[in-house]
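Asks: Before I ask anything, here is the structure I am working with.
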Amino acid sequence: MASQNESHELFEGWILAQTLGEGAYGEVKLLINKRNGDTIAMKMIDLLRHPDATASVRKEVGIQKMLNNKHILRLYGKRTECDVEYIFLEYAVGGELFDRIEPDVGMERHSAQRYFKQLLEGVIYLHSRGIAHRDLKPENLLLDKNDNLKISDFGMATLFRVQGKERLLDKRCGTLPYVAPEVLAGSYRAQPADLWSCGIILVAMITGELPWDKPGTDSSPYIKWKSNDRWTTIMPWRKVDTLALSLLRKMLDPNPTKRLVMASIVDHKWCNMLFENSDYKHNRDCTDSSSPRAKRQRHGSSDDCIQSNYASSHVQQSQPAHSDSRRTNVVQDIEARYSCFSQPANLDDLLLNSQMNPTQSTNQNIFQQLVRRMTRFFVSTDIDTSIKRLSNIFDHLGFTWKINDCGMMSISTIDQHKLLLVFKTNLVEMDGNILLDFRLSKGCGLEFKRRFIKIKSMLTDVIVKGPVTWPIAVATHSMP
């Protein structure tokens, strides 16, 4: 087997340290300055491999240049080099929202309310700028170092209002479980379609489930919902308290002309209750400050509060604060000193290599800034045994899998929504144990988490006990 993946020094003082995620046209990498710990996310699109991406990238960048809001992931710059497009974005160290959602459980109600109100604030801003996102889902909602939500991925976004004049949209786009029914039927208004997606996200946060595969005529759960035929007796609605149901029923009205508008959503009683055991006191200003109910918080019963181990288990860690001007200098430094290469590097590594001494204070800052994931754990078995155990599990579960020369396994299957699900497992040896790090590549985050939990349960006998306190571990030597 080849040596382990290594962090790649892109140019003097800067390294590509971690794969953060993947999109339709390429991967998003974490770029770290190893001298001072500055970080930035870099989306890499190979235009030779994806010639149709040029117009899409131009549109995405054009839209993001218009945006400046605390709940929107910021764009810092872009350049084209050797047929590769590089887009520099704000780095969200907290990872993706779906990682906070425990499958079939969800998260604590106060956490769901906090994220939902921040989502609404971001969407209010987008719509005020005449922009529709059109692909809102937990995988496109990121979290910063303070666990605040950031809307990301504007690849499907579009302008629906120009100079005060609104136009109907007709492109069928989005992710089926989150897409509004009118999007699949023909022309549609942008704002109600985005608000429908927000409603589905709230269902996922509260229950850990999606209510249907898609809002179509062949979806039995959707038909029950649409026809009022005993829908409250089926999952996931049985998990939802009466007040949240009153909000969701109006947000998910199949008729977009009757669907709750944004002002009524932020003024709804559920959005303005102060739930017991709330930890979002520093974010009470997330709703529209003009809302009368936003100014008078109410207490709610904790009897139907959904508990979640995932929602409260992430490690809060600090990182240096950076001003916008300093971020701009980071991008200018990148663009001034960038050495081009024609293909995205194979950088699925999750750790910094041994040349970076973890006892150095600067590198401590770097480790703190690597993305938090909950889908990783250590096992006591060696590399070969770990691969054999994983391959047997994948075969047993009916997954298709392959392994590359760097020891990274790619796994694919079909989820319960009959959609493709692809995730990757990186195996790295360190300190006598093996780190297994699982990352979603394509598909539904909840479905990925279900598979991860199942795989982890089948490795219980070799999992190293005790919490991993660092967001990422430090490699001490290479794989054999």
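The values are calculated or read from the model by the stated rules, or taken from the named source; none is laboratory data. All of these numbers come straight from a predicted model, not from anything done at the bench. Ideal geometry is used to build each Cβ from the backbone, glycine not excepted, and the neighbour counts take in all protein chains shown. Surface areas here come from the heavy atoms of the whole protein model, side chains and all, with no ligands, DNA or RNA. Shrake-Rupley method; radii C 1.70, N 1.55, O 1.52, S 1.80 Å.
Asks: Provide a single number: the residues in the range 263-272 that are closer than 17 Å to Arg109 by Cβ and open to solvent by 10 Å² or more (accessible area, probe 1.4 Å).
Replies: 2
Asks: Within the range 82-116, restricting attention to residues that are over 23 Å from Ala24 (Cα atoms) and over 17 Å from the mean Cα position of the chain (by Cα), which residue is modelled with the highest pLDDT? Please lay out each step first, then the result.
Replies: In the first step, residues of the range 82-116 are kept if they are over 23 Å from Ala24 (Cα atoms); the result is 100-116.
Checking which are over 17 Å from the mean Cα position of the chain (by Cα) leaves us with 104-105, 108-110, 113.
On the way: Asp104: 92, Val105: 93, Glu108: 94, Arg109: 93, His110: 94, Gln113: 97.
Result: Gln113.
Asks: Also, I was wondering about something else. Assuming Ile151 fulfils every condition listed in (1) within 29 Å of Phe452 (Cβ to Cβ); (2) open to solvent by 10 Å² or more (accessible area, probe 1.4 Å) apart from one, which condition is it?
Replies: All conditions are met except number (2).
Asks: Just wondering, is there one or more residues in the range 55-73 that are in contact with a Pro (Cβ under 9 Å, 6 or more places away or on another chain) and either open to solvent by less than 10 Å² (accessible area, probe 1.4 Å) or in a helix (DSSP H, G or I) (or both)?
Replies: First, pick out the residues of the range 55-73 that are in contact with a Pro (Cβ under 9 Å, 6 or more places away or on another chain): none.
Scanning the range 55-73 turns up no residue that is in contact with a Pro (Cβ under 9 Å, 6 or more places away or on another chain) and either open to solvent by less than 10 Å² (accessible area, probe 1.4 Å) or in a helix (DSSP H, G or I) (or both).
Asks: State yes or no: is Ser313 open to solvent by 30 Å² or more (accessible area, probe 1.4 Å), within 30 Å of Gly37 (Cα to Cα) and either polar (S, T, N, Q) or modelled with pLDDT of 65 or more (or both)? First the steps, then the outcome.
Replies: Details: open to solvent by 30 Å² or more (accessible area, probe 1.4 Å): yes; within 30 Å of Gly37 (Cα to Cα): yes; either polar (S, T, N, Q) or modelled with pLDDT of 65 or more (or both): yes.
Yes: the conditions hold for Ser313.
Asks: Out of all the residues in the range 27-39, is one or more at pLDDT 85 or above, open to solvent by less than 10 Å² (accessible area, probe 1.4 Å), within 23 Å of Val422 (Cβ to Cβ) and not in a strand (DSSP E or B)?
Replies: No - not one qualifying residue is present in the range 27-39.
Asks: For Leu210, state whether it is touching a helix residue (DSSP H, G or I) at 6+ places or on another chain (Cβ under 7 Å), of a type in the set (A, V, I, L, M, F, W, C) and under 21 Å from Ser264 (Cβ atoms).
Replies: So Leu210 does not fit the description; no.
Asks: Would you be able to say whether some residue in the range 254-262 is part of a helix (DSSP H, G or I) and either acidic (Asp, Glu) or open to solvent by less than 40 Å² (accessible area, probe 1.4 Å) (or both)? Step through it out loud before you land on a result.
Replies: We begin by selecting, within the range 254-262, every residue part of a helix (DSSP H, G or I); these are 262.
When the remaining residues are screened for being either acidic (Asp, Glu) or open to solvent by less than 40 Å² (accessible area, probe 1.4 Å) (or both), the result is 262.
Yes, the conditions are met somewhere in the range 254-262.
Asks: Would you call Asp52 at pLDDT below 95 and over 25 Å from Val203 (Cβ atoms)? Spell out the reasoning first.
Replies: On the way: at pLDDT below 95: yes; over 25 Å from Val203 (Cβ atoms): yes.
Here the answer is yes, as Asp52 does meet what is asked.
Asks: Within the range 156-176, is even one residue open to solvent by less than 10 Å² (accessible area, probe 1.4 Å), in contact with a helix residue (DSSP H, G or I) (Cβ under 9 Å, 6 or more places away or on another chain), of a type in the set (Phe, Trp, Tyr) and in a loop (DSSP other than H, G, I, E, B)?
Replies: yes
Here is a yes/no grid of residues against (1) under 22 Å from the mean Cα position of the chain (by Cα); (2) over 27 Å from Lys70 (Cβ atoms); (3) of a type in the set (Asp, Glu):
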| site | (1), (2), (3) |
| --- | --- |
| Met156 | yes, no, no |
| Arg161 | no, no, no |
| Cys173 | yes, no, no |
| Leu176 | yes, yes, no |
| Ala185 | no, yes, no |
| Cys198 | yes, no, no |
| Ile201 | yes, no, no |
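Asks: Can you tell me which residues in the range 235-249 are assigned to a helix (DSSP H, G or I) and not hydrophobic (A, V, I, L, M, F, W, C)?
Replies: If we filter the range 235-249 for residues that are assigned to a helix (DSSP H, G or I), which is where we start, we get 237-239, 242-249.
Passing the criteria: Arg238, Lys239, Thr242, Ser246, Arg249.
Asks: Next up: Under 8 Å between Cβ atoms, at least 6 apart or on separate chains: pull out the pairs that start in the range 382-395 with a residue that is in contact (Cβ under 8 Å) with a residue 12 or more places away in the chain and end on any residue that is crowded, with 18+ Cβ neighbours inside 10 Å and of a type in the set (D, E, K, R).
Replies: What qualifies is Asp382/Glu429; Ile383/Glu429.
So that you can scan it fast, the table gives a plain yes or no per residue for (1) among the aliphatic types (A, V, I, L, M); (2) at pLDDT below 50; (3) open to solvent by less than 10 Å² (accessible area, probe 1.4 Å); (4) in contact with a Cys (Cβ under 9 Å, 6 or more places away or on another chain):
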site	(1), (2), (3), (4)
Asn353	no, yes, no, no
Thr362	no, yes, no, no
His396	no, no, no, no
Ile414	yes, no, no, no
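Asks: Quick one: which of Arg114, Arg79, Arg134 is of a type in the set (Lys, Arg) and in a helix (DSSP H, G or I)? Before you say what the answer is, go through the steps one by one.
Replies: Working: Arg79 fails: in a helix (DSSP H, G or I); Arg134 fails: in a helix (DSSP H, G or I).
That would be Arg114, the only listed residue that is of a type in the set (Lys, Arg) and in a helix (DSSP H, G or I).
Here is a yes/no grid of residues against (1) surrounded by fewer than 24 Cβ atoms within 10 Å (Cβ to Cβ); (2) in contact with a His (Cβ under 6 Å, 6 or more places away or on another chain); (3) part of a helix (DSSP H, G or I):
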site	(1), (2), (3)
Val93	yes, no, no
Phe98	yes, no, yes
His110	yes, no, yes
Val123	no, no, yes
His127	yes, no, yes
Leu142	no, no, no
Asn146	yes, no, no
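Asks: Something else about it: Here are the criteria: (1) over 25 Å from Ile124 (Cβ atoms); (2) surrounded by fewer than 19 Cβ atoms within 10 Å (Cβ to Cβ). Tell me which single one Trp225 does not satisfy.
Replies: Tallying (1) over 25 Å from Ile124 (Cβ atoms); (2) surrounded by fewer than 19 Cβ atoms within 10 Å (Cβ to Cβ), Trp225 fails exactly one: (2).
Asks: Looking only at the range 178-214, filter to residues that are of a type in the set (S, T, N, Q) and under 13 Å from Met251 (Cβ atoms); which one of those is surrounded by the most Cβ atoms within 10 Å (Cβ to Cβ)?
Replies: To start, the set of residues in the range 178-214 that are of a type in the set (S, T, N, Q) comprises 187, 191, 197, 207.
If we keep only those that are under 13 Å from Met251 (Cβ atoms) as well, we get 191, 197.
On the way: Gln191: 19, Ser197: 25.
Residue satisfying both the conditions and the ranking: Ser197.
Asks: Modelled with pLDDT of 90 or more, over 18 Å from Gly443 (Cα atoms) and in a strand (DSSP E or B): is that true of Lys150 in this structure? Steps first, please.
Replies: Details: modelled with pLDDT of 90 or more: yes; over 18 Å from Gly443 (Cα atoms): yes; in a strand (DSSP E or B): yes.
So Lys150 passes the test.
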